[in-house]
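S.K.: Got a structure here, written out as structure tokens. Questions coming.
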Amino acid sequence: MKLLFLAAIIATVAAYHGPPVPNHLDVLDKISVVCPWDPTLASYDPLIYMAQYTAIYIVGHGLDYFHENHEAPGGLYNTDYLWDFDLPNEGWDTDGMGAAIAGAAAGFYTGVGRNITVVSVRVADDPDYKNIDIMRYEDGVNAVLTDYRNRKISNPTDYRRAVVLLTPYIDTSLADTTTLESLVLAMVNESLTVIAPAGDSYDALSKNCINYFPGNMHAVDGVITVGNAMFTNLGHLNSVPGTCNEIYAPGSDVYTSYYEGSTEPNNHSKYVQVAPSSQFAAALVAGTAAMITSSCPNLSPAEIEQGIIDFASNQASIVKDPVHNSFIGYMLRFPAVGDEYPFCQIP
């Protein structure tokens, strides 16, 4: 007899049939006036479906550790801190971007993965990455590698598995990303699945994601590069096109955590629909990868990547070019209960 770990672990469809709601990977029904989850509107309780023993290293903006979106039953939080480039201000959240990305990946109320530890690695103090320090980025990724290797040394069998979400993307014509590329290869060799946005730009149609890091790593097995698609299954005009969009996910109108530390430092209970970005599409895929890693800890990064891509293509949720209406890829969505797809089988 085999135990099947199914996509239903990751997502399900709520029973609410009211007005349109923000599009999320798990199709969890929520609108701004009834968040957190309201049992009178939906039958799906996010506190029931929880992954265990998995972490997501989020390399980017930091996060709000105490947002209610990350508060587990009993008052504990699924957030942790690993590294911050600005030690006197460690734990800060850059303009709320960290809270929003973490909430999309692993918030109890708005995330794909629940009860997954979110590990903050803050490398950016500019939400638009216009002035990102490449050495900070390298140091943050090095911190992830060191931490994960130490976990494996201390407990070779039952160490907490993890995936890595790299949110900063860099135009390789403006910076040398050779060291970062080597670090990505090292992470995959340590069995870390790496998820990253393909990139965004106001003039995206004149660009190609192959000229951005980490989009230029798309050919590496175990690296998943993600484009932003809209609810209508059109690629977003600001999502940088190219072959490195291995998969698309909803990156528009994502409903997630809101935090404004500079004006409301003690307010940890707000939610917002964020501006379109491939970062949020990548966050949703990272939550998916973490859930699969939790259920199937012995899968390689390459197997996790292929499983997600196969799942999307089998569901045949086609994404089209926003200008030419031609096929450009598949959207990662989840089916209704009863249409589960086995990501892994364990004897």
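The values are calculated or read from the model by the stated rules, or taken from the named source; none is laboratory data. Since we're looking at a predicted model, the values are computed, not measured. Positions of Cβ are backbone-derived with ideal geometry, glycine not excepted, and every protein chain shown enters the neighbour counts.
S.K.: Identify all residues within region 224-257 that are of a type in the set (A, V, I, L, M), part of a strand (DSSP E or B) and touching a Pro at 6+ places or on another chain (Cβ under 7 Å); write none if there are none.
M.R.: Our first condition is that a residue be of a type in the set (A, V, I, L, M); within region 224-257, this holds for 224, 226, 229-230, 234, 237, 240, 247, 249, 254.
Filter once more, so that each one left must be part of a strand (DSSP E or B): 224, 226, 229, 234, 247, 249.
Within region 224-257, Val226, Ala229, Leu234 qualify.
S.K.: Scanning region 261-285 for residues that are within 23 Å of Ala198 (Cβ to Cβ) and aliphatic (A, V, I, L, M), which turns out surrounded by the most Cβ atoms within 10 Å (Cβ to Cβ)?
M.R.: Ala283
S.K.: Please determine, by comparing only the residues of region 69-124 that are modelled with pLDDT of 85 or more and touching a Pro at 6+ places or on another chain (Cβ under 7 Å), which one is surrounded by the most Cβ atoms within 10 Å (Cβ to Cβ).
M.R.: In this case the residue turns out to be Val123.
S.K.: Another question, then. Hey, can you tell me all the residues within region 207-253 that are of a type in the set (Gly, Ala, Ser), in contact with a strand residue (DSSP E or B) (Cβ under 7 Å, 6 or more places away or on another chain) and closer than 17 Å to Gln306 by Cβ?
M.R.: Gly222, Ala249
S.K.: While we're on this one: Scan region 175-182 and tell me whether some residue there is under 30 Å from Arg151 (Cβ atoms), over 17 Å from the mean Cα position of the chain (by Cα), free of Cβ contacts under 8 Å to residues at least 12 places away in the same chain and outside any loop (DSSP other than H, G, I, E, B).
M.R.: yes
S.K.: Considering (1) in contact (Cβ under 8 Å) with a residue 40 or more places away in the chain; (2) charged (D, E, K, R); (3) farther than 19 Å from Thr225 by Cα, say which one Asp171 fails and leave the rest.
M.R.: (3)
S.K.: With the requirement that a residue be crowded, with 20+ Cβ neighbours inside 10 Å, within 19 Å of Pro197 (Cα to Cα) and among the β-branched types (Val, Ile, Thr), what does region 286-319 give you?
M.R.: Thr288, Ile304, Ile308, Val319
S.K.: Looking at (1) out of contact with any strand residue (DSSP E or B) (no Cβ under 6 Å at 6 or more places or on another chain); (2) within 26 Å of Glu71 (Cα to Cα); (3) not in a helix (DSSP H, G or I), can you tell me which one Phe280 breaks?
M.R.: Phe280 satisfies all of (1) out of contact with any strand residue (DSSP E or B) (no Cβ under 6 Å at 6 or more places or on another chain); (2) within 26 Å of Glu71 (Cα to Cα); (3) not in a helix (DSSP H, G or I) except (3).
S.K.: Among what's in region 187-208 and is part of a helix (DSSP H, G or I) and more than 18 Å from the chain's Cα centre (by Cα), pick the residue that is surrounded by the fewest Cβ atoms within 10 Å (Cβ to Cβ).
M.R.: Across region 187-208, the extreme among qualifying residues is Ser206.
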